[in-house]
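Notes to accompany the following structure.
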There are 2 protein chains.
Amino acid sequence: MSPPSVGEYLSKRDAFINDERSLRREHARLNALSDAEAQADTVVRQIRADEAKTIWTDDNENMPHVFPGMEFLTSRDLIVKTKLFNILAKMPKGALLHAHLDAMVNVRTLLRLALQHPAFHIRVPASLTAASLKTTLPEVRPRPKAEWSALSSLRDAAAGEWVPLQQARANFDPALGGPEGFDDWVVGHLTINPAEAYGTHKTTDKIWEKFANTFRVASGLIRYAPIWYPYIREFFRTSIDDGISYIEVRINFGYKTMFNAEGYDVVPAREWVRDFERALRDTQQELKDQGRQDVFHGARIIYTTIRMYTPDEMEWYLDECLALKQEFPDIIAGFDLVGHEDSLHPLIHYIQPLLRFRARQAELGLDIPFIFHAGETLGDGTPADVNLYDAILLGTKRIGHGFSLAKHPKLMEICKERGIAVEMCPISNEILRLTSSMPMHPLPIIVNHGIPVALCSDDPAVFGNMGLSYDYFQVLVASEVTGLTTLGQIARDSLEFSTLDAEAKGKALAAWEKRWQEFCNEVAALGK
Amino acid sequence: MSPPSVGEYLSKRDAFINDERSLRREHARLNALSDAEAQADTVVRQIRADEAKTIWTDDNENMPHVFPGMEFLTSRDLIVKTKLFNILAKMPKGALLHAHLDAMVNVRTLLRLALQHPAFHIRVPASLTAASLKTTLPEVRPRPKAEWSALSSLRDAAAGEWVPLQQARANFDPALGGPEGFDDWVVGHLTINPAEAYGTHKTTDKIWEKFANTFRVASGLIRYAPIWYPYIREFFRTSIDDGISYIEVRINFGYKTMFNAEGYDVVPAREWVRDFERALRDTQQELKDQGRQDVFHGARIIYTTIRMYTPDEMEWYLDECLALKQEFPDIIAGFDLVGHEDSLHPLIHYIQPLLRFRARQAELGLDIPFIFHAGETLGDGTPADVNLYDAILLGTKRIGHGFSLAKHPKLMEICKERGIAVEMCPISNEILRLTSSMPMHPLPIIVNHGIPVALCSDDPAVFGNMGLSYDYFQVLVASEVTGLTTLGQIARDSLEFSTLDAEAKGKALAAWEKRWQEFCNEVAALGK
């Protein structure tokens, strides 16, 4: 018997590999790329291969374990120097679909914004020392004028006594670094640093403690009406600069009210939404004035509250969400629950109010899709993992994170059939220790199965992955199958699986396609 | 519109979850468990839950990040103290299907065996110092009597000069720890320690350098006919003690010859196989004499060589494999290629000789299934990952590792349909840094898809996971879906997907079932 020819084997093999790859969402396009797209894809693959050998090597001082897709907090400085990153920074990203408003603006900018307002006060539970700085969380909030403090330094304050933020900074103990030391201290409690993520806090449970604390500090700064509007403007501005053309942002309404200009905690949610809408309108007007209206197609809010309340308390939030949807039908895009899935309540805990919420929508003629966080966990069969079943049974429009989705063959099929996109947040997952690096991340599993994915930054102010360029970068360097065409498909899908109505979506997609071709032209030119 | 009742939702939910879980191979059994099996499963779940709270806590000195399924090398001492491990140590494991002979005996035992033979000599490339000990690999091999050295210490030897092993040990520099320091030095080069796996070498590429070195040292000790037989006896004995009842072990025939008793490197592969067969026969006779023949159903060899040769060189090994199969039809179970998939040649490199090998088998009326390593990688679309396509196209009977299989929806379907079991080696994967811990390991993905799995130890002498109890332990603590019933199914499948013929398999399975029921009785009794 003569052996089958190698030629026969190779053609069978090509068909076999192609058959599986055809499941991927960009596959059909691969044979219909414009010349520029094909060339741009080749250029990017070549640069990736070159940089794998020149940048991601062991020659970096103080970085003993360097590889593409390595820990983000350690490699960020290296990433920004790569050609690949600088290309991706210019890529039109489509929509940002999974992001929490409290962590969307560079923390130094936020602090600078707050320092313009004398109403802000700060306090600490015990006097600060060099040793206690790292573990002492600052508490910041605006105070009514009648209660403004005359103290001029945290050193003069008794434990728990409020000090004006401006004075606390100006007169911060020189032994602790003076005003710059103050900034570093506050910033340290608004962000996660490499030593925490990869050293002292390196399990998911532990880093979540630190992570949750950053929101305690940040919300004290953001929940102030005079900050709220410029903060949102800044968020929109930087997102647009990164090539993001549409946003669905999660806002946590758990606090029920924020502080007004006079320092009273009385501003209800409808005022927040109204200011959000104003920030959006003003942004769009500004772009129009510049003749750039096509770069940004709007922003909407996914109403969220925290998965720590009782089911009865949840009813209040659901009712508020219904009321906001009635008042702001174009702004309220969906409903979600936030907070650490592994330790807080699973969706099933709220099944009664959630079912009632759906019935009330039908009565009121509203449509507020669930867009649930689910499966942001390493568990297999734990309540956080089981959230995936409930999210899908409850008809979730997309899945937030879905990190454990790969463990669910039937749910993956359903996502594919019904077009339930997964909002994947690779850098967030890595810093929160669900994965140690990008090559270990399950994203390629989801992509290879043909499930639509939107890449998301989650909490970039905390993680340092502002915009979407970093997440696209990490995904691109961790797979040989993935190329620029894949990233284009992910960007396209982020618009496709948004809550935009058909007309608005069509417009946003057409504008994106135009920018995409221009971008590919530019990248292709690099290869010439 | 009234909301659907919670009751309705819950029954729909149960059916939904059950529908997906029904894909798992143990699912059908869950409704047909004996009382003892059901109780044993409950007892194990209870102990796991208790120990998650009492053992896997932060109260352990010098272990700042403790959790179930954490890094094996750090947690081994904790694991052996758990009730759960002590239960699993008694579990009948079924077959060991993925293990490399060079790493199957405790390295201290191996060293002790070698020290009985004056023919063994040792040398180092430069004189040893406290500082160089860690990085200086000992080279050990038998020497013909005429070339025995008169030197009595490594200190007296010039660089590269041979010293008798016994003398080198007896007179090892007291400043380096004397004879015990010698043992520790050699053992350090035969094993991977936590500092290497999780510190100095913590990427897959780097730890593979160390890993490959352990085989250089080990093969010098094992490739000596007077060691070979007792080594294999020891391997069988300890495996049987761990509850393993059948073995398919990979032997690396890359060296072509081993040393005879006189210290000449002339013993051909057929002699190795003959001695293997003798060790097996003697083991079985001994068990029979003890009335324990039912605990062990044989051992076979998967012929392997290293994926670094040229295709022409490969022909020689394939021919040898055919010849060995003709001479030892019951012993030679299959063919495989070994070595670091990420850096050495992929299967496609050998497509011509491999296709010819299959044709030759047909001519000769032989059946030597391929049992290929494939996908032992973090890559997505890299040559090591693409090995999975070739392994399956070439008709592999099982897949060794298949770590990246989860990235292949079509290949997973094929594995399920055709009954291609995956030999998963969770502890090996973790130490070789494909995963940082068990909760990040893709095994639950494979199990939830209903693909048959055999748990394997791979290279336990290097990793310290002797037997299969450790691997079963790590898998059990990292999933809430998995229970004792799952482990039973994995053990059963290890026999089911072995190369045993129908009759032998039937006998082995029947014996296993009997032991399983006894084991469950014992475990169930713990709950009373």
(request) Take the residues in region B:396-419 that are touching a strand residue (DSSP E or B) at 6+ places or on another chain (Cβ under 6 Å) and in a loop (DSSP other than H, G, I, E, B), then tell me which one is nearest to A:SER5 (Cα to Cα). (result) B:THR396
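Which residue, of B:VAL422, B:VAL447, is away from chain A (no Cβ under 14 Å), in contact (Cβ under 8 Å) with a residue 24 or more places away in the chain and crowded, with 24+ Cβ neighbours inside 10 Å? Steps first, answer last, please.
On the way: B:VAL447 fails: away from chain A (no Cβ under 14 Å).
The conditions single out B:VAL422.
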(request) Please enumerate the residues belonging to region A:130-141 that are farther than 13 Å from A:ASN213 by Cα, in a loop (DSSP other than H, G, I, E, B) and touching a residue at least 12 places away in the same chain (Cβ under 8 Å). (result) A:ALA130, A:LEU133
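Considering each of A:TYR246, A:TYR231 in turn, give the residue that is outside any helix (DSSP H, G or I) and buried (at least 22 other Cβ atoms within 10 Å of the Cβ).
On the way: A:TYR231 fails: outside any helix (DSSP H, G or I).
Testing whether each residue is outside any helix (DSSP H, G or I) and buried (at least 22 other Cβ atoms within 10 Å of the Cβ) leaves just A:TYR246.
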(message) Looking at region A:483-519 only, could you name the residues that are open to solvent by 10 Å² or more (accessible area, probe 1.4 Å) and of a type in the set (Ser, Thr, Tyr)?
(response) A:THR485, A:THR499
(message) Condition first: buried (at least 21 other Cβ atoms within 10 Å of the Cβ) and either assigned to a loop (DSSP other than H, G, I, E, B) or touching a Ser or Thr at 6+ places or on another chain (Cβ under 6 Å) (or both). Can you find one or more residues in region A:269-284 that meet it?
(response) no
(request) Filter region B:16-31 for residues that are among the hydrophobic types (A, V, I, L, M, F, W, C) and facing chain A (nearest Cβ under 10 Å) and give the result. (result) B:PHE16, B:ILE17, B:LEU23
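On the given criteria, is A:ASP367 within 26 Å of the chain's Cα centre (by Cα) and open to solvent by less than 10 Å² (accessible area, probe 1.4 Å)?
Numbers: within 26 Å of the chain's Cα centre (by Cα): yes; open to solvent by less than 10 Å² (accessible area, probe 1.4 Å): no.
Against the criterion (within 26 Å of the chain's Cα centre (by Cα) and open to solvent by less than 10 Å² (accessible area, probe 1.4 Å)), A:ASP367 does not qualify.
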(request) Could you check how many residues of region A:93-129 are within 20 Å of A:ASP184 (Cα to Cα) and in a helix (DSSP H, G or I)? (result) 10
(message) Among the residues that make up region B:216-228, is at least one of them closer than 30 Å to B:GLU313 by Cβ, among the basic types (Lys, Arg) and open to solvent by 20 Å² or more (accessible area, probe 1.4 Å)?
(response) yes
(message) Anything in region B:29-51 that is open to solvent by 40 Å² or more (accessible area, probe 1.4 Å), closer than 27 Å to A:LYS202 by Cα and of a type in the set (A, V, I, L, M, F, W, C)? List them, or say none.
(response) B:ALA49
(request) Residue by residue through region A:391-411, note down the ones that are out of contact with any Pro (no Cβ under 7 Å at 6 or more places or on another chain) and either crowded, with 24+ Cβ neighbours inside 10 Å or more than 10 Å from every other protein chain (Cβ to nearest Cβ) (or both). (result) A:ALA391, A:GLY395, A:THR396, A:ARG398, A:ILE399, A:GLY400, A:HIS401, A:GLY402, A:SER404, A:LEU405, A:HIS408, A:LEU411
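Conditions tested, residue by residue: (1) buried (at least 22 other Cβ atoms within 10 Å of the Cβ); (2) in a helix (DSSP H, G or I); (3) out of contact with any strand residue (DSSP E or B) (no Cβ under 6 Å at 6 or more places or on another chain).
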| site | (1), (2), (3) |
| --- | --- |
| A:ALA159 | no, no, yes |
| A:ALA168 | yes, yes, no |
| A:ALA175 | no, yes, yes |
| A:PRO179 | no, yes, yes |
| A:PHE182 | yes, yes, yes |
| A:VAL187 | no, yes, yes |
| A:ALA197 | yes, yes, yes |
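For (1) out of contact with any Cys (no Cβ under 9 Å at 6 or more places or on another chain); (2) of a type outside the set (A, V, I, L, M, F, W, C), each residue gets a yes or a no:
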residue	(1), (2)
A:PRO444	yes, yes
A:HIS449	no, yes
A:GLY464	yes, yes
A:TYR472	yes, yes
A:SER479	yes, yes
A:LEU484	no, no
A:LYS507	yes, yes
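Can you find a residue that is within 19 Å of B:PRO383 (Cβ to Cβ) and at pLDDT 95 or above anywhere in region A:31-45? So that I can check it myself, show each step before the final result.
Of region A:31-45, the ones within 19 Å of B:PRO383 (Cβ to Cβ) are A:45.
Next, only the ones that are at pLDDT 95 or above stay: A:45.
Taking every residue of region A:31-45 in turn, at least one turns out to be within 19 Å of B:PRO383 (Cβ to Cβ) and at pLDDT 95 or above.
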(request) Six or more apart or on different chains, Cβ under 9 Å: which pairs go from a residue in region B:477-492 that's without any contact (Cβ under 8 Å) to a residue 60 or more places away in the chain to one that's in a loop (DSSP other than H, G, I, E, B) and β-branched (Val, Ile, Thr)? Could you list them? (result) B:SER479/A:THR382; B:GLU480/A:THR382
(request) Looking only at region B:78-93, decide whether some residue is more than 13 Å from chain A (Cβ to nearest Cβ), more than 21 Å from B:ALA491 (Cβ to Cβ) and under 29 Å from the mean Cα position of the chain (by Cα). (result) yes
(request) Please tell me if A:ALA119 is of a type outside the set (Val, Ile, Thr) and open to solvent by less than 40 Å² (accessible area, probe 1.4 Å). (result) yes
(request) Report, by residue number, each residue of region B:345-369 that is hydrophobic (A, V, I, L, M, F, W, C) and under 28 Å from A:ARG24 (Cβ atoms). (result) B:LEU347, B:ILE348, B:ILE351
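Would you point out the residue of region B:380-390, among those that are touching a Pro at 6+ places or on another chain (Cβ under 8 Å) and open to solvent by 10 Å² or more (accessible area, probe 1.4 Å), that is farthest from the other protein chains (Cβ to nearest Cβ)?
Ranking the qualifying residues of region B:380-390, first place goes to B:PRO383.
Might you check whether a residue that is within 19 Å of A:GLU376 (Cα to Cα) and either polar (S, T, N, Q) or in a loop (DSSP other than H, G, I, E, B) (or both) occurs anywhere in region A:513-523? Give the derivation first.
Here is the first cut: in region A:513-523, the residues within 19 Å of A:GLU376 (Cα to Cα) are none.
No, the conditions are met nowhere in region A:513-523.
Could you please let me know if A:ASP342 is at pLDDT 95 or above, under 30 Å from B:ALA478 (Cβ atoms), open to solvent by less than 10 Å² (accessible area, probe 1.4 Å) and part of a loop (DSSP other than H, G, I, E, B)? Walk me through it before giving the result.
Numbers: at pLDDT 95 or above: yes; under 30 Å from B:ALA478 (Cβ atoms): yes; open to solvent by less than 10 Å² (accessible area, probe 1.4 Å): no; part of a loop (DSSP other than H, G, I, E, B): yes.
Against the criterion (at pLDDT 95 or above, under 30 Å from B:ALA478 (Cβ atoms), open to solvent by less than 10 Å² (accessible area, probe 1.4 Å) and part of a loop (DSSP other than H, G, I, E, B)), A:ASP342 does not qualify.
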(message) Being assigned to a helix (DSSP H, G or I) and at pLDDT 95 or above is the requirement here; does B:LYS90 meet it?
(response) no
(request) For residues that are more than 12 Å from every other protein chain (Cβ to nearest Cβ) and free of Cβ contacts under 8 Å to residues at least 40 places away in the same chain, scanning just region B:189-207, find the one that is farthest from B:LEU344 (Cα to Cα). (result) B:ALA195
(message) Condition first: open to solvent by 40 Å² or more (accessible area, probe 1.4 Å) and within 12 Å of B:ARG360 (Cα to Cα). Now tell me which residues in region B:316-325 satisfy that.
(response) B:ASP319, B:ALA323
(request) Would you mind telling me which numbered condition in (1) modelled with pLDDT under 95; (2) among the charged types (D, E, K, R); (3) open to solvent by less than 70 Å² (accessible area, probe 1.4 Å) B:ASP58 fails? (result) (3)
(request) Out of the residues in region B:317-361 that are among the aromatic types (Phe, Trp, Tyr) and within 12 Å of another protein chain (Cβ to nearest Cβ), state the one that is farthest from B:HIS401 (Cα to Cα). (result) B:PHE357
(message) Please verify whether B:LYS416 is on the phi < 0 side of the Ramachandran plot, open to solvent by 20 Å² or more (accessible area, probe 1.4 Å) and touching a residue at least 60 places away in the same chain (Cβ under 8 Å), treating the condition exactly as stated.
(response) no
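The values are calculated or read from the model by the stated rules, or taken from the named source; none is laboratory data. Everything numeric here is computed off the predicted structure, so don't read it as measured data. Here the Cβ is made from the backbone with ideal geometry for all residues, glycine too, and neighbour counts use every protein chain on show. Protein only, heavy atoms only, side chains kept; ligands, DNA and RNA dropped before computing areas. Shrake-Rupley method; radii C 1.70, N 1.55, O 1.52, S 1.80 Å.
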